[in-house]
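Presented below is the structure to which this report refers.
The values are calculated or read from the model by the stated rules, or taken from the named source; none is laboratory data. On a predicted model such as this, the values are computed, not experimentally measured, just so you know. All Cβ positions, glycine included, derive from the backbone under ideal geometry; neighbour counts span all protein chains shown. We work out accessible area using only protein heavy atoms, side chains counted, and drop any ligands, DNA or RNA first. Shrake-Rupley method; radii C 1.70, N 1.55, O 1.52, S 1.80 Å.
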Amino acid sequence: MVNVNELVDRLIGLAFAEDIGDGDHTTLSCIPDDAMGKSKLLVKETGILAGVAVAKRVFADFDPELKMEIFMDDGTPVKPGDVAFTVEGKVRSLLQTERLMLNIMQRMSGIATMTNRYVKRLEGTHTRVLDTRKTTPGMRMLEKEAVKIGGGVNHRIGLFDMILLKDNHVDFAGGIEKAIQRAKDYCKEKGKDLKIEIEVRNFDELQRVLDYGGVDRIMLDNFSVADTRKAVQMIGGRYETESSGGITFDTLRDYAECGVDFISVGALTHSVKGLDMSFKAC
């Protein structure tokens with residue numbers, strides 16, 4: 001199993017390495033080593049705050065003597081003018097941690113904000129919104145955490161914590177029945193307790209899955225709203241259901257009202273706009 005803390009620490013280390021290199025020569029040239037100061041995280045746009053816990057790690061990893069005072073936690077609704085936290089310590093440290101902290105917080109807050117918008121769109125239904133593996137390389141743990149902060153659900157973290165038999169797996173395996181059976185045999189052989197989900201592209205494939213069984217969830221890929229409603233009726237609650245492919249914010253609720261358990265939305269992480277904020281001296 002993946003060690004999340006280790007991955008985040010490695011991400012922070014790599015990010016500092018690519019940003020600072022052999023030194024922040026701008027800061028080193030004009031800011032005395034003993035200069036002390038204080039900066040605040042200023043929110044400039046309405047949304048959901050995310051990344052505060054990670055920002056705390058960024059500051060602590062770079063300079064353990066930096067003192068952070070937190071006024072707003074992850075998941076807090078924010079508006080322009082809000083101050084999420086202040087950080088006090090060496091000015092050099094404040095300047096060198098600024099961009100990495102902002103990059104992380106702006107992106108995570110943007111994801112949490114968009115996710116929350118989708119979650120509110122589904123209010124009154126039992127459908128939950130899922131993320132996907134369409135994430136920024138190296139930042140997946142942070143982006144998926146942001147989805148949870150916004151009220152969404154992680155589909156799976158990676159290829160290791162669930163079996164998802166997509167169209168290519170089915171085609172390369174020689175068909176639906178073979179793909180399912182091989183997945184079940186593999187789990188038994190390796191002693192792994194993994195959920196098995198299978199993607200279906202049409203009603204013929206759906207019927208074959210229903211006839212064969214052996215899965216936990218069925219993904220209805222690129223089904224229309226009308227076909228989704230029919231498919232949910234065919235499945236009849238025997239398996240979890242997920243709608244995926246081509247679903248927009250405008251059509252989201254139409255799919256939910258068909259009775260699906262989950263709707264996966266890649267846009268939560270691959271097409272998000274960061275939430276505007278700045279780190280200013282105070």
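Data table
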quantity: Separation in nanometres of the label points that stand 7 Å from Cα toward Cβ, at Cys187 and Lys44; calculated: 4.9
quantity: Tilt relative to the chain, helix 225-235 - C-alpha long axis, 0 to 90 degrees, to 10; calculated: 60
quantity: Rg/Rh (Cα only; Kirkwood hydrodynamic radius) as it applies to the range 215-282; calculated: 1.23
quantity: Calculated FRET value between Lys280 and Asp161, using beta carbons and R₀ = 35 Å, to 0.05; calculated: 0.30
quantity: Pairs from Lys148/Lys273; Lys90/Lys144; Lys120/Lys230 whose Cα-Cα separation, in the structure shown, is over 27 Å; calculated: Lys90/Lys144
quantity: Between the range 231-276 and the range 157-176, the Cα center-to-center distance that results, in Å; calculated: 19
quantity: DSSP-loop chymotrypsin sites (Phe, Trp or Tyr not before Pro) across the range 1-78, with at most 16 other Cβ within 10 angstrom; calculated: Phe71
quantity: Of all accessible heavy-atom area on the range 98-243, the percent that carbon and sulfur account for (1.4 Å); calculated: 47
quantity: Amide H contacts of Asp74 (H built 1.01 Å from N, under 5 Å, at least 5 apart or other chain); calculated: Val52, Ala53
quantity: Per-residue ³J(HN,Hα) for the range 240-257, Karplus 6.51 cos²θ - 1.76 cosθ + 1.60, θ = phi - 60°, Hz, x for Gly and Pro; calculated: 5, 10, 9, 9, 8, x, x, 8, 9, 4, 5, 9, 3, 5, 4, 5, 4, 6
quantity: Probe 1.4 Å, accessible area per residue of the chain, Å²; calculated: 50
quantity: Partner lysines for Lys192 [C-alpha distance under 16 Å; skip if fewer than 8 residues away on the same chain]; calculated: Lys184
quantity: Spacing of the two label points (7 Å from each Cα toward its C-beta) at Arg10 and Lys230, in nm; calculated: 4.7
quantity: For the chain, diffusion coefficient by Stokes-Einstein and Kirkwood Rh (Cα), 25 °C, 0.890 mPa s, µm²/s; calculated: 117
quantity: Cα-based helix-to-principal-axis angle, 4-20 vs the chain, degrees rounded to 10; calculated: 50
quantity: FRET E, pair Tyr212, Glu18, Förster distance 51 Å, beta-carbon r, rounded to 0.05; calculated: 0.55
quantity: Rg over Rh, two decimals, the range 1-151 (C-alpha only, Kirkwood Rh); calculated: 1.01
quantity: Rounded to 5, percent antiparallel among DSSP beta bridges of the chain; calculated: 50
quantity: Alpha-carbon centroids, the range 12-82 and the range 179-226: separation in whole Å; calculated: 45
